[in-house]
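Student: The structure follows.
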Amino acid sequence: MFAHKEPDAWETLVSAIISSGFVVIGSWPIQTEMPSRQRGAGVAALASSVWLVCRPRPATARPGWDNKVLEEMRANITTRLREFWDAGIRGPDFVWAATGPALEAYSKHPVVKKANAPGQIMTVGEFLTHVRRMVVDFVLGQMLSGDGNDADLAAADRMDAPTAYYLLHRHDFGLDEAPSGACILYAVSCGLSDRDLETTWNLLARTGGKSSSNGDEDTEPDPDADTEAMADSGSKVKLKTWAQRRHKSMGYEAPGGQPVPLIDRVHRLMHLWKAGDVHKVDEYLDDHGLRRNELFKRLLQSLIELSRKDGASQELQILESLSNHVQAKGAKFDNGQMKMAFEEIN
């Protein structure tokens, strides 16, 4: 059982297990703490612990090659991801549940060599990066296909990293506070860091430190405190709303000359729409080829569903208006229609 959910700590543990001669064949998040337990009140308590299933690796095991190992990993977890999703596993636990079955392909070898880089090996961290991205693509595929049975993994694979993170975070935590540990896991899974999301992409804001235990200095020490502190440092973060993301360059250019994330384009369009300038909306859509961008349309629909779930009424109105406008291929509103649409929002 492992009660730590920071990605780096997990990589250290798995590396130690493999170095000790074990094969990881399964993992399962199990709720080991009662949400209402008295000692858990007011602290950053674990929702679940991760159980690893291991067995000794045969002494005759030979080194593996990264291309073969990754191919086997994908074959191993494709079906399991569907099983876990159908079982109702969501959020960070979904990532942990997939980690064990994926690691079997890697840990059954004492070392995994890189086929295209003689003398170099694939580390546990590098392998888990591939695993997490596959899990992320699966979840995004579910969201972009309306949570149906046929996940659009191809569309998910085309999603840029900041937008992928935004969708994952919004899907699991909405616009409420979220534990930093889970957000770090999602960030790493998308090839980002929490600092990137705060400073570079302006998507996250920190909201405070560790909660106190109801301010009672005489409270009996919690024997689970060390475990809980490891599982979640207690710091919280929140997604910034579209209205809070007002940087002038948002949607026009990205830091360091990187491609502009789709979520930035959507939020820029929302500001333009709320300002009542449909000409600028049409100009922006046409300049960036968004009317013919199927991924953009699917993102809009996903955001509409998330806004509805979160009860974000103004956001929902603007997104629905934008979606209808895009679907109408830029059909011009008369003055009466424009006035009515923007009065409803404002």
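Every number here is computed from the coordinates shown, using simple stated rules; none is lab data. Since this is a predicted model, take the numbers as computed values, not measurements. Because the Cβ atoms are built from the backbone with ideal geometry, glycine has one as well, and the counts that use them run over all protein chains shown.
Student: List, in the order given, every pair from Lys236/Lys274; Lys240/Lys309; Lys274/Lys297; Lys68/Lys108 whose Cα-Cα distance in the structure shown is over 24 Å. Could the numbers behind the result be given before it?
Tutor: On the way: Lys236/Lys274 30 Å; Lys240/Lys309 17 Å; Lys274/Lys297 19 Å; Lys68/Lys108 12 Å.
Beyond 24 Å between Cα atoms: Lys236/Lys274.
Student: Arrange Ser235, Ser307 by Cβ neighbour counts within 10 Å, fewest through most, would you?
Tutor: Arranged by neighbour count, lowest to highest, Ser235, Ser307 become Ser235, Ser307.
Student: For Val326, Val95, what's the fewest-to-most ordering of other Cβ within 10 Å of each Cβ? Walk me through the numbers before you get to the answer.
Tutor: On the way: Val326 20, Val95 28.
Taking fewest neighbouring Cβ atoms as first place, the list is Val326, Val95.
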